[in-house]
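Reading through the structure tokens given below for one structure.
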Amino acid sequence: MNAHCGESSSYEGSRGFDVAHLERVRRFCREATERGEIPGCTLAVARHGAVVLNEAWGLAGEDRPATPETVWLIASVTKPVVAAGVCLLIDRGEVAVDDPVSRYLPDFAGEDRAEVRVRHLLTHTSGLPDMLPENFELRRRHASLEEFVCRIATTPLLFPPGTDVSYQSTGIALLGAIIERVTGSSCREFLRREFFLLLGMTHTALGWRPEFAERAATCRLPPEQTASDWDWNSPYWREFGAPWGGMYSTAPEYLRFLQMLLRGGEWEGRCYFSPAMVREMTGNRTADLPHLFPAARLRSTWGYGWRSAAGRESEYLGDLVSRGAYGHAGATGTGVWNDPETGVSMVFFSNQPGIGRFIGLLSNQVAAAVR
């Protein structure tokens, strides 16, 4: 089957976009799959709540075309959703951003850990490493999420909390553990109950669901994961439900989550967040840290779980979104963003890792199409 034969689309009018530019966007994605650069991908774009583009190209699996309904492992695009779960608890007065993490996770103790606040986990300024040094070892023996969290609680910090920015999947794992400690529910159940069910995200979950089998994309694997039983496509990893990268979703469903945020936390008459919480989540919160190194303050800017475009460090956000835009990317070839200035949301999911530059070029084309 040729890569382009999986093309499937839904086009719902220009909504202030230049139609010729949108055609260029479509061609850019289609030709990437025809060249074999990307096995399969999907793109969904909306503006002011209206879907402008919802299309898929190439193959989700060996002989299955990608469609707008394909379920993708979205990797680190999971992170801002887990962070949003904690922000919901902040909105409800159950958690405060400057609470010590040890207030909720008593085993997180020793060295400078007493100084690590929830704020630091949300903004990647905790000093925790991205991954545990023994990450691959734990995955090879199919360790549980609980064991990962226990190891994170004692792993050395890289720097004093709040002084630098260093991307930390381990910190997001602790946010998931805080959700569980405060609510008494698993993180995956909390997200399902508070977001996915209410937003109509029926094919979105943290971790695998059996009904995904016939519509899930298969990831092209990086070299370190080949010939293993713990790779992204393995039953172990699918069931693991990593708070830092184990979510599955479709592009139009994740788009709904983004558009809810652009509407100030409201969707179809239901309030998910206060406008004040949305401003906190999506603004430049690293600017609030008084002891952050000046270079880090300019280089890497974060809200609560979202990377802010104010710093212009991330290639996947491109060059043309506004300074108030925010987004995230994932290792499986995924990237999403919101631009409050234009009211545009973009969701790009694929099964090809290592394409940050491609997503950045695509982001530029989408932003350039806005009129």
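The values are calculated or read from the model by the stated rules, or taken from the named source; none is laboratory data. Predicted, not measured: the structure shown is a model, and the values here were computed from it. Every residue, glycine as well, gets a Cβ built from its backbone with ideal geometry; the counts of neighbours run over all protein chains shown. To get the accessible areas, we keep the full protein, side chains included, count just its heavy atoms, and leave off ligands, DNA and RNA. Shrake-Rupley method; radii C 1.70, N 1.55, O 1.52, S 1.80 Å.
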For the range 111-199, please list each of the helices (runs of 4 or more DSSP H) lying entirely inside it that holds at least 2 residues being over 21 Å from Pro100 (Cβ atoms), in contact (Cβ under 8 Å) with a residue 12 or more places away in the chain and open to solvent by 10 Å² or more (accessible area, probe 1.4 Å). 135-140
Taking the stated definitions as given, is Ser249 modelled with pLDDT under 95 and under 15 Å from the mean Cα position of the chain (by Cα)? no
Of all residues being in contact with a Leu (Cβ under 7 Å, 6 or more places away or on another chain) and not in a loop (DSSP other than H, G, I, E, B) in the range 53-71, which is surrounded by the most Cβ atoms within 10 Å (Cβ to Cβ)? Just the residue, please. Leu53
Residue among Ala109, Ala66 that is of a type in the set (A, V, I, L, M, F, W, C) and within 30 Å of Arg256 (Cβ to Cβ): Ala66
Number of positions in the range 298-323 that are more than 20 Å from Val81 (Cα to Cα), open to solvent by less than 70 Å² (accessible area, probe 1.4 Å) and without any contact (Cβ under 8 Å) to a residue 40 or more places away in the chain: 3
Looking at Gly58, is it at pLDDT 95 or above, more than 28 Å from Gly184 (Cα to Cα) and of a type outside the set (Lys, Arg)? yes
Consider Trp232 carefully, then state whether it is in a loop (DSSP other than H, G, I, E, B) and surrounded by 19 or more Cβ atoms within 10 Å (Cβ to Cβ). yes
What about Glu239, is it surrounded by fewer than 17 Cβ atoms within 10 Å (Cβ to Cβ) and either in a loop (DSSP other than H, G, I, E, B) or out of contact with any helix residue (DSSP H, G or I) (no Cβ under 9 Å at 6 or more places or on another chain) (or both)? yes
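Looking at Arg279, Arg256, Arg285, Arg270, can you tell me which residue is touching a residue at least 40 places away in the same chain (Cβ under 8 Å) and surrounded by fewer than 21 Cβ atoms within 10 Å (Cβ to Cβ)?
On inspection, the qualifying residue turns out to be Arg270.
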Filtering the range 318-362 down to residues that are under 18 Å from Arg47 (Cβ atoms) and within 16 Å of the chain's Cα centre (by Cα) yields Ala325, Tyr326, Gly327, Gly335, Val336, Trp337, Asn338, Asp339, Ser345, Met346, Val347, Phe348
So which residues in the range 95-110 are buried (at least 17 other Cβ atoms within 10 Å of the Cβ) and touching a Ser or Thr at 6+ places or on another chain (Cβ under 6 Å), if there are any at all? Phe108
From the option list Arg357, Arg323, single residue qualifying as closer than 30 Å to Ala96 by Cβ and among the basic types (Lys, Arg) is Arg323
Out of Ala75, Ala109, Ala143, Ala96, which single residue is more than 30 Å from Pro223 (Cα to Cα) and out of contact with any helix residue (DSSP H, G or I) (no Cβ under 6 Å at 6 or more places or on another chain)? Ala96
Are there any pairs, at least 6 apart or on different chains, whose C-beta atoms fall under 6 Å, with the first in the range 78-94 and open to solvent by 30 Å² or more (accessible area, probe 1.4 Å) and the second at pLDDT 95 or above and not in a helix (DSSP H, G or I), and if so, which? Asp91/Phe273; Asp91/Ser274
One residue is enough: does the range 292-302 have a residue meeting the conditions more than 24 Å from Asp130 (Cα to Cα), within 19 Å of the chain's Cα centre (by Cα) and not charged (D, E, K, R)? no
Kindly indicate whether Ala217 is more than 24 Å from Asp130 (Cβ to Cβ), among the hydrophobic types (A, V, I, L, M, F, W, C), under 20 Å from the mean Cα position of the chain (by Cα) and open to solvent by less than 10 Å² (accessible area, probe 1.4 Å). yes
Restricting the search to the range 26-52, which residues are in a strand (DSSP E or B), within 18 Å of Gly330 (Cβ to Cβ) and not β-branched (Val, Ile, Thr)? Gly40, Cys41, Leu43, Ala44
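Going by what's in this entry, would Thr342 be described as in contact with a Leu (Cβ under 7 Å, 6 or more places away or on another chain) and either open to solvent by 30 Å² or more (accessible area, probe 1.4 Å) or of a type in the set (Ser, Thr, Tyr) (or both)?
no
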Suppose we keep only residues that are part of a loop (DSSP other than H, G, I, E, B) and open to solvent by 20 Å² or more (accessible area, probe 1.4 Å) within the range 200-214. Which one would you say is farthest from Ile90 (Cα to Cα)? Glu214
